[in-house]
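A short worksheet on the structure shown next.
The values are calculated or read from the model by the stated rules, or taken from the named source; none is laboratory data. Just so it is clear, the structure is predicted and the values come from calculations on it, not from any experiment. No Cβ is skipped: glycine too gets one built from the backbone with ideal geometry, and neighbour counts run over all protein chains shown.
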Amino acid sequence: MKTEIKNIAKGALEEVNIEDGFFVLKVKNESSENKHFTRKIDNSYIQFHFCVKGGAKFNFNEGKYKVDVLDEHSLLLYNPQRDLPIDFELHANSWLVSILISIKKFHSLFSTEANYIDFLTDDNKDKKYYDTRSMSPSVAVVLNQILNYNLHPSIKALYLKGKAFELLSLYFNKTPDANIEQCPFLVDEKNVLKLKMAKDIIISRMAEPPSLHELANEIDLSLKKLKAGFKEIYGDTVFGFLLEYKLDYSRKLLEEGKHNVNEVGLKVGYSTASHFIAAFKKKFGTTPKKYISNSTN
């Protein structure tokens, strides 16, 4: 599996080639401005775009036609008659996950159940198809797992491939209660929203985060449900997730060049520079100072 990562100020685009004819794009814009992304893609692909957070505006026909994809909504695109290059503006503080899969590969997944999928029927298979819809809680969970997994590099490829297939199966699932049996707690959208609130709280207060008990009280969930639900959605413990986020955020601050190493360490919650340097080196394999030097060369 090939992975290509392009870092941009306060954001990143990661393209993962799962296998021939099957890609996953992960785009985060953590800046205060909209950012423009494009990618060539031919008419043999089906596109699934999921706005996990914020919003995006997709442009077609050289900007003559536009489609908004709202927070926690998805857009499906397929047009066998013409190419549909990816061209979108990702709003400030927004996250997007896209699945690009060739119609040949996709059809093979449903070869015995083609009539189950609207645009695979004999009447529709050669026609363009568009669909927008809101996400189910189960789809939102898998998307957050795709964005936030924290696993050993040797199994990341297998994990992401499995999650991509899981996402497609949930997208087309027509029995809304059957797809969350493994975690009934997450069938309640209020609980999912509370866990998202917990994530936003620890990010906004990363320098002085609340304790787990304080966090559970603030979002009105039991400590047990906070721990289990957070790990189910974000693939890590509360403070494991926060550590990864803090270090990624510190890297982006260093790239901006507006703060020195000590200032960046303080901003993300390290009381001493030595602790920050040690944590940064453990994650990125180099010290903050050397990272700055390499980034500016």
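This table checks each residue for (1) assigned by TED's automatic domain parsing to the domain that holds residue 285; (2) farther than 23 Å from residue 282 by Cβ.
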{"site": "200", "(1), (2)": "no, yes"}
{"site": "204", "(1), (2)": "no, yes"}
{"site": "218", "(1), (2)": "no, yes"}
{"site": "221", "(1), (2)": "no, yes"}
{"site": "226", "(1), (2)": "no, yes"}
{"site": "230", "(1), (2)": "no, no"}
{"site": "251", "(1), (2)": "yes, no"}
{"site": "255", "(1), (2)": "yes, no"}
Review point. Within the range 251-271, which residues are hydroxyl-bearing (Ser, Thr, Tyr) and modelled with pLDDT under 90?
Key: 271
Review point. Within the range 71-83, how many residues turn out to be within 21 Å of residue 172 (Cβ to Cβ) and part of a loop (DSSP other than H, G, I, E, B)?
Key: 3
Exercise for review: Find all pairs meeting these conditions: Cβ atoms under 6 angstrom apart; at least six residues apart or on different chains; first residue within the range 266-283 and among the small types (Gly, Ala, Ser); second residue assigned to a helix (DSSP H, G or I) and buried (at least 16 other Cβ atoms within 10 Å of the Cβ).
Suggested key: 273/265
Check your understanding: Looking at this structure, is residue 103 farther than 16 Å from residue 25 by Cα, touching a residue at least 24 places away in the same chain (Cβ under 8 Å) and surrounded by 15 or more Cβ atoms within 10 Å (Cβ to Cβ)?
Key -> yes
Exercise for review: Please work out if residue 247 is within 29 Å of residue 163 (Cα to Cα), touching a His at 6+ places or on another chain (Cβ under 8 Å) and either without any contact (Cβ under 8 Å) to a residue 40 or more places away in the chain or outside the structural domain of residue 29 (by TED's automatic domain parsing) (or both).
Suggested key: no
